[in-house]
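The values are calculated or read from the model by the stated rules, or taken from the named source; none is laboratory data. Remember, predicted model here, so these are calculated numbers, not experimental data. Using ideal geometry, Cβ is built from the backbone for each residue, glycine included, and neighbour counts are taken over all protein chains shown.
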Amino acid sequence: MTATDESKIKSGVETIGHAGITYAEVIRADTQVPVTKFFSPAHSSFQFGLLAHEAGFVEAPHYHKTVERTISDLQQMFVVQRGVVAVDFFDEQGNRFQEVILRAGDGIVLIHGIHSVRVLEDMQCISVKQGPFLGAENDKIDVEVQNNQ
């Protein structure tokens, strides 16, 4: 982290930000909470948190209501199962402002902005994002960057 970026660590989550925009939230493998805690704001289209309960806890059988929701953004979360991954973040002009290294057990939710993933060691990740999948041609915009080092 550099003094010029807006990254901060709060409540076990590292927020990656730049120019007032939240690009991502990172939760490290060793983060612990005593009770279930969601880190995303309630209004976020993608909820990100940790479930934590004591032995013996039983959640009542339930299902989730069908409620129409309008989602215009596409957020993605992945958790590294094995290997090492670098996630680079770029401003709107294509200048890289931060790199985040993720190892086994680390997770990240990509919220907004230009990012890229570099595989530093053979990896496997669990990836979750909102659907339906409309194809890469509809869900992604490739960007030419200035500073991809």
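Taken together, the residues in the range 17-62 that are closer than 25 Å to Ile126 by Cα and either at pLDDT below 90 or within 20 Å of the chain's Cα centre (by Cα) (or both) amount to 30. Each residue in the range 39-70 was checked for being surrounded by 10 or more Cβ atoms within 10 Å (Cβ to Cβ) and either in contact with a strand residue (DSSP E or B) (Cβ under 9 Å, 6 or more places away or on another chain) or under 24 Å from Ile16 (Cβ atoms) (or both), and 11 pass. Does Asp73 qualify as being among the acidic types (Asp, Glu) and either surrounded by 13 or more Cβ atoms within 10 Å (Cβ to Cβ) or touching a Lys or Arg at 6+ places or on another chain (Cβ under 8 Å) (or both)? It is false that Asp73 is among the acidic types (Asp, Glu) and either surrounded by 13 or more Cβ atoms within 10 Å (Cβ to Cβ) or touching a Lys or Arg at 6+ places or on another chain (Cβ under 8 Å) (or both). Scanning the range 105-137 for residues being buried (at least 16 other Cβ atoms within 10 Å of the Cβ) and under 20 Å from Asp30 (Cβ atoms) gives a total of 6.
Among the residues of the range 89-101, the ones that are within 14 Å of Thr15 (Cα to Cα) and buried (at least 16 other Cβ atoms within 10 Å of the Cβ) come to 4 in all. The set of residues in the range 102-123 that are on the phi > 0 side of the Ramachandran plot and either in contact with a strand residue (DSSP E or B) (Cβ under 6 Å, 6 or more places away or on another chain) or at pLDDT below 95 (or both) contains only Gly113.
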